[in-house]
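The values are calculated or read from the model by the stated rules, or taken from the named source; none is laboratory data. Here the structure is a predicted model, which means the values were calculated and not measured. Neighbour counts are summed over all protein chains in view; Cβ atoms, including those assigned to glycine, are modelled from backbone coordinates with ideal geometry. Accessible surface is based on the protein model in full, side chains and every heavy atom, while ligands, DNA and RNA are left aside. Shrake-Rupley method; radii C 1.70, N 1.55, O 1.52, S 1.80 Å.
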Amino acid sequence: MSQAAPKLQFLLDLQEQLGGSIPFERWMQEALYHPEFGYYAAGIRGIGRRGDFTTWPVLHESLARGIARWALANKPSGRWHLIEIGAGTGTLAAGVLRALGWWNRPQMHIVEVSPPLRQEQQTLLGRKTTWHPNMTEALAACDGSALIYSNELVDAFPARIFQNQDKVWHELALRIENGRVEETWLAPLPDTARPDSTAFATPWPEGQRIEVQESFATWRDDWRPAWKAGAILTIDYGDACPALYHRRPQGSLRAFAHHQRLEGAAAYAGFGVRDLTVDVNFSDLIAWGGPPDAELLTLDAFLARQNRKPASGHLDQFPEAGEAFKVLIQSP
Ligand SMILES: C[S@@+](CC[C@H](N)C(=O)[O-])C[C@H]1O[C@@H](n2cnc3c(N)ncnc32)[C@H](O)[C@@H]1O
């Protein structure tokens, strides 16, 4: 039996169970997080040169220094807690702790769902950091008061994909037919059944695709009551809506394999062995999480503020990243 057979059988069974096709959000959920076949559970080859993609903190310490300065400016006096969600290799947490120095050291917590990445983080960071399986448990360990940050976490939350077809929205599903993955569209979506998203407010041209990360809203609502004090920094690629989809009629979904970007149908192949990701709609994050004083700025502007430098040239390796990446600052 080839290695692909159990995965294919899993997808065929799921397809049958769901009535003939798999809504894209469910596909992305299983492709990234299925405990046996998912990319973050089993398929990830690491982050960086030898992996499928690279992230800022793996290449450069400027982000770690910016986060450390932000934390120092916002921390309470006395014992304080810092939580990173989705820490990848642990490089960013290590850089933040280094930049803070031992005399400012927080109680460091990491929330991580990927067993291989958690192991990598534990090897790098050692015993002074505490790992938690979810945010509710992490916040309980902090008595509800914590500064929280994440980098490139939200883009990995499963998205529902919709397309404007003759002024009616249809949801994308995938179907396996003769071993090939094909797109199919679910029945027209009644206005009353639309998920809560700012993306529906724009009169998009025919054929426009949008992504809605409803799974992120559900996840955040789950732990929101446990968070009483502090602030959260959400760093990711994306934009406010409608700028997010400017000149992107196909939306932003793509896969990464060995640093190669794959779009369209190519993104559906390699179930569980490729990273799947979408750009973050920060207007949705603000609409879902508030509060009224939430602040959205480019990463360049954030780093310039924290590092007290002009807003350019923070990262030679990614000259455009300082604008493409955004930082959202929110409080409970
Ligand atoms: C694209 S990687 C980014 C890693 C790291 N932050 C960096 O910048 O290098 C996404 C990370 O989020 C983690 N992750 C995804 N969903 C998560 C969740 N619901 N809770 C905690 N971690 C999650 C993944 O396992 C992985 O560590």
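The listed peptides 186-195, 215-224, ordered by packing as a protection proxy, come out as 215-224, 186-195 (highest mean of other Cβ atoms within 10 Å first). Per-residue accessible area (protein heavy atoms, 1.4 Å probe) orders Glu152, Glu177, Glu16, Glu36 as Glu16, Glu36, Glu177, Glu152, starting from the largest.
Add +1 for every Lys or Arg and -1 for every Asp or Glu among the other residues with Cβ under 13 Å from the Cβ of Arg160, and state the total.
Values: positive: Arg26, Arg194, Arg209; negative: Glu25, Glu171, Asp196, Glu211, Glu214, Asp284.
Residues close to Arg160 contribute a combined charge of -3.
Measuring only protein heavy atoms, the 1.4 Å probe finds Val181 accessible over about 50 Å². Here the relative contact order of the chain, from alpha carbon pairs under 8 Å that lie six or more residues apart, stands at 20 percent.
In the chain, helices alone account for a calculated mean residue ellipticity at 222 nm of -8500 deg cm²/dmol, with every DSSP H run of four or more residues adding -39,500 (n - 2.57). Binning at 10 angstrom from zero up to the longest distance, how are the C-alpha pair distances of the range 109-267 distributed in percent? Values per bin, smallest distances first: 8, 29, 30, 22, 9, 1. Here's how it looks for Phe325: its modeled amide H is under 5 Å from those of Leu299, which are all 5 or more places away or on a different chain. Looking at the range 202-294, the pairs of alpha carbons with a distance over 14 Å make up 72% of the total. Which angle from 0 to 90°, rounded to the nearest 10, does the C-alpha axis of helix 62-74 make with the longest principal axis of the chain? Taking the Cα atoms of the chain, the angle to 62-74 is about 60 degrees. Once you've got the GNM for the chain with C-alpha springs shorter than 10 Å, pick whichever of Asp275, Asp293, Asp155 has the biggest mean-square fluctuation. Its mean-square fluctuation being the largest, the pick is Asp293. Please report the antiparallel percentage of the DSSP beta bridges confined to the chain, to the nearest 5. Restricted to the chain, the bridges split so that about 60 percent are antiparallel. Short to long, the 20 Å bins of the Cα pair-distance histogram for the chain hold 30, 58, 11, 0 percent of all pairs. Bridgeable lysines around Lys228 (alpha carbons under 18 Å apart, same-chain partners fewer than 8 residues away excluded): Lys75.
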